[in-house]
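Below: one structure, written as structure tokens.
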């Protein structure tokens with residue numbers, strides 16, 4: 001009995017030793033060296049894993065940063081310029097500074113200006129809705145209102161406005177990761193420069209239909225009248241397919257285009273209200289001066 005026990009113990013020890021040797025040999029043979037800089041760079045990144053940098057996660061982005069000689073085209077939108085400067089110092093490489101951007105919803109066709117003409121009773125998803133029908137309104141370019149962009153936002157920087165049925169971006173929380181841009185099947189969300197005090201001027205419409213059709217579908221649709229293009233002093237406005245577009249790289253935020261837009265499809269955000277100039281009553285002043293001369 002004791003001999004069988006000893007034999008069993010010896011057998012188990014032998015098998016364990018053999019397995020340990022095999023694992024050691026395999027680990028050495030298939031060992032993959034990882035540059036310690038990868039872990040150091042990954043620690044500097046925000047660990048958001050939002051894919052806004054073009055990589056599936058922060059670790060893969062760190063690997064790309066370490067392996068790439070010129071990282072001027074690589075950028076972490078969540079960490080911004082501050083994080084990229086730290087990464088550049090660790091790697092001894094140069095990084096290009098970029099202006100911060102924010103997500104902008106280029107549709108203002110709420111329930112009050114874009115009436116519903118049909119009712120969809122399927123799964124509430126923009127992706128599904130875009131595949132099977134053109135939407136509950138006559139505008140086939142505007143927001144579908146099912147909130148896919150809000151669902152994918154990991155930073156709680158968006159919500160659906162119950163009154164308008166449109167998504168709203170919370171500027172202070174937006175990290176410019178671009179997840180909402182990718183999720184929108186209608187491509188109505190765009191990343192635009194944040195500017196000082198978050199001042200923005202942009203066309204809140206993507207309807208490429210002719211004026212009559214676009215206006216019938218939505219009261220604030222762009223009708224392609226070109227008035228904004230004609231008045232822009234910097235040629236920042238272009239007209240393509242009956243639709244105006246304001247280039248944020250050229251626009252100086254003068255807001256002249258906002259004043260001439262007949263359908264109010266151009267949006268201005270965070271500007272102080274314009275001061276109304278008081279007109280001097282010239283006629284009364286002239287009459288008064290004549291009376292003074294008469295009395296004299």
*Would you pick out the residues in region 148-167 that are surrounded by 22 or more Cβ atoms within 10 Å (Cβ to Cβ) and touching a strand residue (DSSP E or B) at 6+ places or on another chain (Cβ under 6 Å)?*
149, 158, 167
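Got a number for residues in region 32-46 being within 14 Å of residue 86 (Cβ to Cβ) and in contact with a helix residue (DSSP H, G or I) (Cβ under 8 Å, 6 or more places away or on another chain)? Spell out how you get there, then give the answer.
Residues of region 32-46 that are within 14 Å of residue 86 (Cβ to Cβ), as a first pass: 37, 40-46.
Keeping just the survivors that are in contact with a helix residue (DSSP H, G or I) (Cβ under 8 Å, 6 or more places away or on another chain) gives 37, 40-42, 44-46.
Matching residues across region 32-46 total 7.
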*Which of (1) in a loop (DSSP other than H, G, I, E, B); (2) within 20 Å of the chain's Cα centre (by Cα) does residue 70 not meet, given it meets every other one?*
(2)
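Only one residue in 122, 135, 145 is over 27 Å from residue 244 (Cβ atoms), in the same structural domain as residue 261 (by TED's automatic domain parsing) and touching a helix residue (DSSP H, G or I) at 6+ places or on another chain (Cβ under 9 Å). Which one? I'd like the intermediate steps shown before the answer.
On the way: 135 fails: over 27 Å from residue 244 (Cβ atoms); 145 fails: over 27 Å from residue 244 (Cβ atoms).
When all the criteria are applied, what remains is 122.
Check 145, 224, 109 and return the single one that is in a loop (DSSP other than H, G, I, E, B), modelled with pLDDT of 95 or more and in contact with a strand residue (DSSP E or B) (Cβ under 8 Å, 6 or more places away or on another chain).
Working: 145 fails: modelled with pLDDT of 95 or more; 109 fails: modelled with pLDDT of 95 or more.
Sole residue among the options that is in a loop (DSSP other than H, G, I, E, B), modelled with pLDDT of 95 or more and in contact with a strand residue (DSSP E or B) (Cβ under 8 Å, 6 or more places away or on another chain): 224.
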*Within region 71-87, can you find the residues that are crowded, with 19+ Cβ neighbours inside 10 Å and either touching a helix residue (DSSP H, G or I) at 6+ places or on another chain (Cβ under 8 Å) or free of Cβ contacts under 8 Å to residues at least 24 places away in the same chain (or both)?*
71, 75, 76, 79, 84, 87
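When you look at residue 42, is it farther than 30 Å from residue 196 by Cα, outside the structural domain of residue 154 (by TED's automatic domain parsing) and outside any loop (DSSP other than H, G, I, E, B), yes or no? Steps first, please.
Details: farther than 30 Å from residue 196 by Cα: yes; outside the structural domain of residue 154 (by TED's automatic domain parsing): yes; outside any loop (DSSP other than H, G, I, E, B): yes.
Here the answer is yes, as residue 42 does meet what is asked.
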*Go through region 132-154 and count every residue that is more than 20 Å from residue 222 (Cα to Cα) and in contact (Cβ under 8 Å) with a residue 40 or more places away in the chain.*
2
_Residue list for region 168-181, restricted to those being at negative phi, part of a loop (DSSP other than H, G, I, E, B) and surrounded by 14 or more Cβ atoms within 10 Å (Cβ to Cβ)_ = 170, 171, 174, 175, 177
_Which listed residue is surrounded by 18 or more Cβ atoms within 10 Å (Cβ to Cβ) and on the phi < 0 side of the Ramachandran plot, from 57, 52, 135, 122_ = 52
_Meets criteria (modelled with pLDDT under 90, part of a helix (DSSP H, G or I) and surrounded by 10 or more Cβ atoms within 10 Å (Cβ to Cβ)) for residue 19_ = yes
*Look at region 88-105 and say how many of its residues are in contact with a strand residue (DSSP E or B) (Cβ under 7 Å, 6 or more places away or on another chain) and loosely packed, with under 15 Cβ neighbours inside 10 Å.*
1
*Report whether or not residue 218 is crowded, with 17+ Cβ neighbours inside 10 Å, in contact with a helix residue (DSSP H, G or I) (Cβ under 7 Å, 6 or more places away or on another chain) and modelled with pLDDT of 95 or more.*
no
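The values are calculated or read from the model by the stated rules, or taken from the named source; none is laboratory data. All figures in this text were calculated on a predicted structure; none of them were measured in a lab. Using ideal geometry, Cβ is built from the backbone for each residue, glycine included, and neighbour counts are taken over all protein chains shown.
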